[in-house]
Amino acid sequence: MEFFLQGHNILLLAVAVASAIALIWPFLRPSGATAVSPSEATMLINREDAVVLDVREATEFAAGHLPEARNVPAAKIQERMAELQKFKERPIIVCCASGGRSASVCAPLRAAGFSRLYNLSGGIDAWRAASLPLKKGAR
């Protein structure tokens, strides 16, 4: 107990607790989606005609995206929700660079009635690391 009461050790303890929270936070926040690996995403695309929704900015999308992906930047998801309604019954794989932005977009999609949501774990970075194909350009 004396270790924790010393001034400099309290700071170390606070840093350790903050680090632990930062590490587990992505697992605690509800996204409304099931996490899928690149190989699981590939199966959903091939077997169930899943729609790929890339929520990165247009410049990021143009630099490399999953084949047949649709680009709706995360900041515009609410205003472009109507154009996604036709895909409500299909599985939707939401992706971004690393999985953070896409996880945050899944919650409003779930609230809008999309029930078959999947978040690409690790995003485009994981897709690229798995040596899966990327397409360049705006579409």
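Among the residues of the range 83-139, what is the count of those that are surrounded by fewer than 15 Cβ atoms within 10 Å (Cβ to Cβ), farther than 20 Å from Thr42 by Cβ, of a type in the set (A, V, I, L, M, F, W, C) and in contact (Cβ under 8 Å) with a residue 60 or more places away in the chain?
Going through the range 83-139 one residue at a time, the tally reaches 2.
Across the range 54-67, what is the total count of residues that are free of Cβ contacts under 8 Å to residues at least 60 places away in the same chain and farther than 16 Å from Ala126 by Cβ?
Looking only at that region, the number is 2.
Looking only at the range 23-52, which residues are β-branched (Val, Ile, Thr) and either at pLDDT 70 or above or touching a strand residue (DSSP E or B) at 6+ places or on another chain (Cβ under 9 Å) (or both)?
If we filter the range 23-52 for residues that are β-branched (Val, Ile, Thr), which is where we start, we get 24, 34, 36, 42, 45, 51-52.
Once the filter is applied, which keeps residues that are β-branched (Val, Ile, Thr) and either at pLDDT 70 or above or touching a strand residue (DSSP E or B) at 6+ places or on another chain (Cβ under 9 Å) (or both), the range 23-52 yields Thr34, Val36, Thr42, Ile45, Val51, Val52.
The values are calculated or read from the model by the stated rules, or taken from the named source; none is laboratory data. Not measured: the values here are computed from a predicted model. Positions of Cβ are backbone-derived with ideal geometry, glycine not excepted, and every protein chain shown enters the neighbour counts.
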